[in-house]
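The values are calculated or read from the model by the stated rules, or taken from the named source; none is laboratory data. If you're wondering where the values come from, they're calculated on a predicted model, not measured in any experiment. Here the Cβ positions follow ideal geometry from the backbone for every residue, glycine too, while neighbour counts run over all protein chains shown.
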């Protein structure tokens, strides 16, 4: 396997997540590799752990306040030392045009990281993600499938997660 094949191989990974604490830890492990002007899409059924992963991500960036679900507000924004984080939840969006009403284009700028739950409900109105996380119920835990455009950042996150 050459170097290009190795990096391609680690751009995708699947993990078993045994608890909510482990899901937060996964989010925390993804934060160091995040870059400004990027987005992370989180997909999966209700209760799969999307907001829990976001909480770990945001807290790992130094935010100490309450990290709450944007299910009803559609958006919660957080100021961190590295960059602003905008956390969206489009579950309640009935028509993809509704995301325009909240000024969606203003949030995907050169400085922020956008965490997007239920991105499929926004149609084609979002820029492509740097990382896509698909969560699914798996017995007593969850299965997390990750696909990244940056194999190096994903590799570092997986190594940190496995170290515990």
- [ ] Name every residue in the range 122-148 that is over 15 Å from the mean Cα position of the chain (by Cα) and either part of a loop (DSSP other than H, G, I, E, B) or surrounded by fewer than 19 Cβ atoms within 10 Å (Cβ to Cβ) (or both), in order of residue number.
- [x] 123, 124, 125, 137, 138, 139, 140, 141
Task: Candidate set: the range 1-24, residues that are assigned to a loop (DSSP other than H, G, I, E, B) and surrounded by fewer than 13 Cβ atoms within 10 Å (Cβ to Cβ); chosen: the one modelled with the highest pLDDT - done: 2
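For the range 102-121, name all the residues that are in a helix (DSSP H, G or I) and over 21 Å from residue 62 (Cβ atoms).
Once the filter is applied, which keeps residues that are in a helix (DSSP H, G or I) and over 21 Å from residue 62 (Cβ atoms), the range 102-121 yields 104, 105, 106, 119, 120, 121.
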- [ ] Determine, yes or no, whether residue 57 is touching a helix residue (DSSP H, G or I) at 6+ places or on another chain (Cβ under 9 Å) and at negative phi.
- [x] yes
Open item on the list: Among the listed residues 85, 99, identify the single one that is over 15 Å from the mean Cα position of the chain (by Cα) and either assigned to a strand (DSSP E or B) or crowded, with 18+ Cβ neighbours inside 10 Å (or both).
Closed with: 99
Task: Subset of the range 25-66 (residues that are surrounded by fewer than 18 Cβ atoms within 10 Å (Cβ to Cβ) and either part of a loop (DSSP other than H, G, I, E, B) or without any contact (Cβ under 8 Å) to a residue 24 or more places away in the chain (or both)) - done: 35, 36, 37, 45, 46, 47, 62, 63, 64, 65, 66
